[in-house]
Amino acid sequence: MTFGSCSASDVWRRVARQRCNTSSGIDVFIELTPILLGIGLFWKVVFPTMCESLRGGTAMASMFIWMLGIALGVAIMIVSAASAQPLIHMGTAALISILIAILAIIDNRQLHAAGTSSQTIAASTARYMGLVWVWGALSLFVTYYFILKWNEWHGFFMAFAVAGALCLFVSSTLGRDAEAGREDETMMKIARYLTMAQLVGMVITVIGLLVDGKMTRYLTPRFTDWAANNIFFFGAVALTAISLNALLTSKPKS
């Protein structure tokens with residue numbers, strides 16, 4: 001979409017820069033209001049409903065709740081990025097990723113307690129991993145296509161999208177095998193090795209971002225990768241927690 005000689009993304013970027021340079025205290029309060037309301041809605045309505053969906057409900061209803069949660073989470077991050085509020089953006093990224101990790105761990109423990117098959121448990125774990133990757137991909141795309149400008153975002157977006165698609169594909173495959181009563185040991189071993197590799201990669205990512213000072217890039221206006229760094233860091237934290245829990249609770253067969 002274009003407006004005269006400017007694209008939609010240019011308009012969003014100009015608005016973000018103007019707000020960052022000219023916002024007064026009242027302007028900041030007005031901009032923060034929808035962000036805080038969105039976080040409150042996510043915490044009080046969406047999160048409890050997502051927890052409830054773990055204890056029952058139809059697949060369609062659960063999918064709708066998850067789509068609503070991801071969409072609302074991405075929307076909150078978009079508003080905070082457009083309002084040039086890096087700390088709110090960081091807090092939102094932390095909240096969303098940690099909530100996904102908590103739900104993944106709860107679901108994993110409940111499935112183990114219920115004596116569910118290893119295929120079903122692995123499918124659940126892969127699905128939550130995929131949600132983290134998809135959330136990151138969507139957040140990167142909307143943030144850097146419409147709001148901020150950062151030349152390197154395309155590669156990271158593609159990597160996140162591919163990783164998310166792979167996780168969801170593995171989840172779907174394992175889920176179908178479990179429903180059919182099949183047990184594919186080769187796929188289970190591959191999933192376990194990929195989880196180990198992901199765990200190591202995410203730990204390295206978290207340490208690297210901290211050591212390189214990436215989490216304070218927002219203090220320098222010329223750096224526009226601060227939003228991406230928030231997504232990278234807290235997405236890696238969530239994937240670390242999910243992967244570690246899955247490896248600790250699983251019982252590989254010799």
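The values are calculated or read from the model by the stated rules, or taken from the named source; none is laboratory data. Note that this is a predicted model, so its numbers are computed, not measured. No Cβ is skipped: glycine too gets one built from the backbone with ideal geometry, and neighbour counts run over all protein chains shown.
May I ask you to list the residues in the range 189-223 that are over 21 Å from residue 236 (Cα atoms), touching a helix residue (DSSP H, G or I) at 6+ places or on another chain (Cβ under 9 Å) and either at pLDDT 95 or above or assigned to a helix (DSSP H, G or I) (or both)?
219
Is there a residue being without any contact (Cβ under 8 Å) to a residue 60 or more places away in the chain, closer than 20 Å to residue 250 by Cβ and surrounded by 14 or more Cβ atoms within 10 Å (Cβ to Cβ) anywhere in the range 216-225?
There is no residue in the range 216-225 that is without any contact (Cβ under 8 Å) to a residue 60 or more places away in the chain, closer than 20 Å to residue 250 by Cβ and surrounded by 14 or more Cβ atoms within 10 Å (Cβ to Cβ).
Please specify each residue of the range 127-164 satisfying the condition of being closer than 24 Å to residue 194 by Cβ, in contact (Cβ under 8 Å) with a residue 12 or more places away in the chain and β-branched (Val, Ile, Thr).
Passing the criteria: 132, 134.
Could you please let me know if residue 249 is of a type in the set (S, T, N, Q) and closer than 28 Å to residue 106 by Cβ?
yes
Could you tell me whether any residue of the range 161-173 is under 20 Å from residue 228 (Cβ atoms) and out of contact with any helix residue (DSSP H, G or I) (no Cβ under 8 Å at 6 or more places or on another chain)?
Yes - at least one qualifying residue is present in the range 161-173.
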